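Report on the following structure.
Bear in mind these aren't lab numbers, they're just calculated from the coordinates by the rules spelled out. Because the structure is predicted, anything quoted here is derived from the model rather than measured. For neighbour counting, all protein chains shown are included, and Cβ atoms are generated from backbone atoms with ideal geometry for every residue, glycine included.
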There are 2 protein chains.
Amino acid sequence: MALKGYRVKDLQREVKREKILDAATVEIAHSGYHRTTVSAVARRAGIGDGTIYLYFENKEAVLVSIFERAMQRIIGEARPIVEDSELGAPDKLRRLIELHLSLVGMDRDMAVVVQVELRHSLHFLELFSRSRVREYLGLIAEVVDQGRNEGSFRKDADPLFTAKALFGLVDEMAT
Amino acid sequence: MALKGYRVKDLQREVKREKILDAATVEIAHSGYHRTTVSAVARRAGIGDGTIYLYFENKEAVLVSIFERAMQRIIGEARPIVEDSELGAPDKLRRLIELHLSLVGMDRDMAVVVQVELRHSLHFLELFSRSRVREYLGLIAEVVDQGRNEGSFRKDADPLFTAKALFGLVDEMAT
DNA sequence: GCTAAAACTGAATGATAATTCATTATATTA
DNA sequence: TAATATAATGAATTATCATTCAGTTTTAGC
């Protein structure tokens, strides 16, 4: 019964967890975190209210998990690009922007939730600045740094600040 | 007792209304709309909870009025610039950006509330896209259009889209 | 098919906060 | 100044939801 180390039960659990996250993403994108009720998420996911609590600690944990999943996805695809030793910095940056835009375009609701709700609360902002978002920006900063060393980018800008400004802009344009 | 068509009573009423809006702006900028209680606004304004309801229909109406006031202010100052027949389009645009930035810089709390809360809910966004925001963007679009006719701007961009992109960017940079 | 365990449900609970309104304070008028 | 009208108050009411949990259904092993 063990396939690649997973049990069927665990896979089913994972599927339902994803379904809850998807439902919450749609609802929160549409109404915002505070206007979205747990009941509405449950209804959209086709499960009972209480079931949410078998998968998440509380309502806030659902929102946090939406962020986690979004960042996981983008970082997972961004890292190979950054670590590709064949590519120059300008090409890498181009690909990262393409990646970012394609993910934002692919799941508009996810993008809305991350952009709007992340800004909305200093609480979350702090929580995430210290982890995933910083990791992502760090990857971009790495590329900017590579570019400065290769001579293809100017030397007079802080890589992390550049990363922030650039992708703030890209996000803004996308929506 | 009648001066410029206003009665003292009405002026006093207006002053208190403004005080409530100011208090609400500070509180909402700091904690967000949903975390801000009507009691907190009343406390900051130095009045009783119930008094808010003598001036506004409900909590949401206070938020809406903050938007209205902000847009009123900026449109009031932007219109003369746009309608100035002495100025070319590039100068007008420069002045509009200056105006925008100066208002944003002057009242940071107001800017935060408008930017964050307006985005936060499609509900409000729809409410306002159909009125004041559109009016403001329309003014900017007018200038872009003038520039295209004068030949100082390129012909190949939609004025309203340009206006949106430009001021989205300005807002982003400001914060 | 039977049974125990696991998963699920949704009505009940409790907490929070918007709104109301009977009462009190302030202003206006005669 | 007293009478009346207007404005303000804040405790009580009500509405809204996140969360819980006793009871129900589903699943898995035998």
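Looking down the axis that turns chain A into chain B, the chain A residue with its beta carbon nearest that axis, and the gap rounded to whole angstrom, comes out as A:H34, 2. For A:S39 and B:D171, the FRET efficiency from 1/(1 + (r/R0)^6), where r spans their Cβ atoms and R0 equals 30 Å, is about 0.30.
Please work out, to two decimal places, the log10 of the ratio I(q)/I(0) at q = 0.31 Å⁻¹ from a Debye calculation in which every Cα of the range A:10-60 carries one identical scatterer. One equal scatterer on each Cα of the range A:10-60 leads to -1.32.
When the Cα atoms of the protein assembly as shown are aligned to their principal axes, the ranges along those axes come out at 89, 56, 32 Å in descending order. For chain B, the membrane-span-like helix rule (DSSP H, alpha carbon extent of at least 18 Å along the helix axis, mean Kyte-Doolittle at least 0.0) picks out B:59-83, B:89-106, B:159-174; this says nothing about an actual membrane. Put simply, the amide H of B:G88, placed in the peptide plane, has no neighbours under 5 Å, leaving out anything fewer than 5 places away on its chain.
Starting from the Cα coordinates of chain B, work out the convex hull volume and express it per residue in Å³.
Numbers: hull volume 23.6 nm³, N = 175.
Enclosed volume per residue, from the Cα hull, is 135 Å³.
Inter-copy label distances at B:K155, using a point 7 Å along Cα-to-Cβ, come to 4.6 nm with the shortest given first. About its Cα centre, the dipole of the protein assembly as shown is roughly 960 debye, where the only charges are +1 on Lys and Arg Cβ and -1 on Asp and Glu Cβ. Once both labels are positioned 7 Å from their Cα atoms along Cα-to-Cβ, the gap between B:E60 and A:K19 label points is 3.2 nm. Our helix-only sum for chain A, with -39,500 (n - 2.57) per DSSP H run of n ≥ 4 divided by its residues, gives a mean residue ellipticity at 222 nm of -23500 deg cm²/dmol.
Ascending distances from the B:I97 label point to its copies in the other chains, with the point 7 Å along the Cα-to-beta-carbon line: 1.9 nm.
Given a Förster distance of 45 angstrom, what is the FRET efficiency for A:Q12 paired with B:E135, based on the Cβ-Cβ distance and rounded to 0.05?
E between A:Q12 and B:E135, to the nearest 0.05, is 0.30.
Here A:E83 yields copy-to-copy label distances, from shortest upward, of 6.3 nm, the label point defined as 7 Å from Cα along Cα to C-beta. In this simple spin-label model, placing a label point 7 Å from the Cα along the Cα-to-Cβ direction at both A:A157 and B:D91 gives a separation of 3.2 nm.
When Cβ neighbours within 10 Å are restricted to other protein chains, what is their mean count per residue of peptide B:28-38?
Numbers: counts 0, 0, 1, 2, 7, 4, 6, 4, 0, 0, 0.
Mean number of neighbouring Cβ atoms from other chains: 2.
For q values of 0.17, 0.25 Å⁻¹, compute log₁₀ I(q)/I(0) with the Debye formula on a Cα-only model of the range A:36-104, without solvent. After summing over all Cα pairs, the log10 values are -0.70, -1.04.
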